[in-house]
Amino acid sequence: MRLDRPDTQGRFAQFGGQFAPETLMPALEELEAEFTKAWADPSFHAELDSLLRDFVGRPTPVYRAARLSAQYGIELYLKREDLAHTGAHKINNTMGQALLTKRMGKSRVIAETGAGQHGVATATACALLGQECVVYMGEKDIERQALNVHRMRMLGTEVRPVTSGAGTLKDAVSAAMRDWVATVDGTHYIIGSVVGPHPFPWMVRELQKVIGEELQTQMDGSAPEHPKPDVIVACVGGGSNAMGIFYPYVGSDIDLVGIEAAGYGLDSGQHGASLVAGSPGVIHGSMTYLLQDDQGQILEAHSISAGLDYPGVGPEHAYFKDAALVRYESVTDEEALEAVHLLASTEGIIPALESAHGLAWITKEARSLRGKVVVLNLSGRGDKDVEQIVEHS
Ligand SMILES: *Cc1c(COP(=O)(O)O)cnc(C)c1O
């Protein structure tokens, strides 16, 4: 059964919770109370909805991919999150949390970013609302993602290099946490997916479910060109775009399929498939499925797409998996790369490497999906990935 809210301890059955330092507990409690109030306040929704419409470009269209549909013998539709401002669904969440920051009377925002996509979405919302913004980023990632670093700086954000550890996302998360502990009175920490301690997984789900709610009205079965979906497919990194499109449909008779990164293959041990191939444990403040060794040490994930290169997953997905409400599958780097080229050359859309994982699964399953109405959440556009795609081709 789908849960409207996690329980009083922030859990979805045994998953989720608040595994956070004592010093952050008051901030998490305040955040839960403030978001609960804001979310029940029509004036908060009115302000957010008008920004989502006029600034972000919502509702995003649903596009029938005619040539691929004919090729596969399925009815393939794309939910075009790639057309949202900044090129992906992440802005739905950062707009909401930046507005909440203003409402809480805080003037400073911090975030952490790996590939820089969440950093850019956060910097964008903060520029719009005139908020001070600091983004922590591992120094290795700063080198690898120079374009997004320039974008954040143009938007007025301070990008703080993190030199500890391997200089990647995990270290940036720790740095952001340390900052928040010291500055919590005037600072909000914007987490970028349905991960982290309660209330983040629930709050980010509420902010992203607009994707699925739009789809319900866009494909309501009212006309032959607006059929109801039989299957909805989305890629799963932390899980926010998948959660956003799945949530309104969870518990219905529509088949929901989340696609994780199998990287070099599940057998290689180098992948990001925490639901398909991981086991329960604690990561970034919550109990969920993750990649760990026999001693419970968290393993490095691998995926060709930075957004899926994460050893954990949002706790509500862990709950969906165990309750068999959503099915989780995986595809490899190679299959995802092929899907990028396929969508680009067949439909004139260059997808993000993340989103291409969903299309790759549909391609593999085309025979079993024959005759069905299949919706793919096209979570982002591939402009950010062009260099990497060319390198691998
Ligand atoms: C960040 C990102 C993802 C992965 O994050 P989720 O929280 O799993 O959605 C997927 N697609 C794109 C385009 C992204 O930028």
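Bear in mind these aren't lab numbers, they're just calculated from the coordinates by the rules spelled out. A quick note: this is a predicted structure, and the numbers were derived from the prediction, not measured. All Cβ positions, even for glycine, are placed from backbone atoms using ideal geometry, and neighbour counts span all protein chains on display.
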Calculate the length of the line joining the C-alpha centroid of region 185-210 to that of region 297-319, in whole Å. 17
Expressed in nanometres to one decimal, the distance between label points 7 Å along Cα→Cβ at ARG64 and LYS37 is 4.8
Ascending count of other beta-carbon atoms within 10 Å, so fewest first, for ARG370, ARG151, ARG2: ARG370, ARG2, ARG151
At 7 Å along Cα-to-Cβ for each site, give me the label-to-label distance between VAL386 and VAL282 in nm. 4.5
Have a look at the DSSP beta bridges in the chain and tell me what percent are antiparallel, nearest 5. 30
Taking only DSSP H segments of four or more residues, each worth -39500 (n - 2.57), what value at 222 nm results for the chain once the sum is divided by all its residues, to the nearest 500 deg cm²/dmol? -12000 deg cm²/dmol
Total charge of the residues flanking GLY263 in space, meaning their Cβ is under 9 Å from its Cβ, with Lys and Arg +1 and Asp and Glu -1, is -2
Whole-angstrom gap from region 1-57 to region 223-257, using each part's C-alpha centre: 22
Rg/Rh over Cα atoms for the chain, Kirkwood Rh, comes to 0.94
Tell me, what is the percent relative contact order of region 195-310, built from C-alpha pairs under 8 Å that lie six or more residues apart? 23
Cβ-defined net charge surrounding LYS170, 12 Å radius [Lys, Arg +1; Asp, Glu -1]: -4
If you count, for each residue, the other Cβ atoms within 10 Å and average over each peptide, how do 383-389, 22-28, 172-178, 3-9 line up from highest to lowest? 172-178, 383-389, 22-28, 3-9
I'd like the orientation of helix 353-364 relative to the chain: the angle between its Cα long axis and the longest Cα principal axis, in ° from 0 to 90, rounded to 10. 30
Label point distance in nm, ASP220-ARG370, each placed 7 Å from Cα along Cα→Cβ: 3.4
Among 120-127, 45-52, 164-171, 268-275, how do they line up by average Cβ neighbours within 10 Å per residue, starting with the highest? 120-127, 268-275, 164-171, 45-52
Acute angle (nearest 10 degrees) that the helix 169-183 long axis makes with the longest principal axis of the chain, alpha-carbon atoms: 40
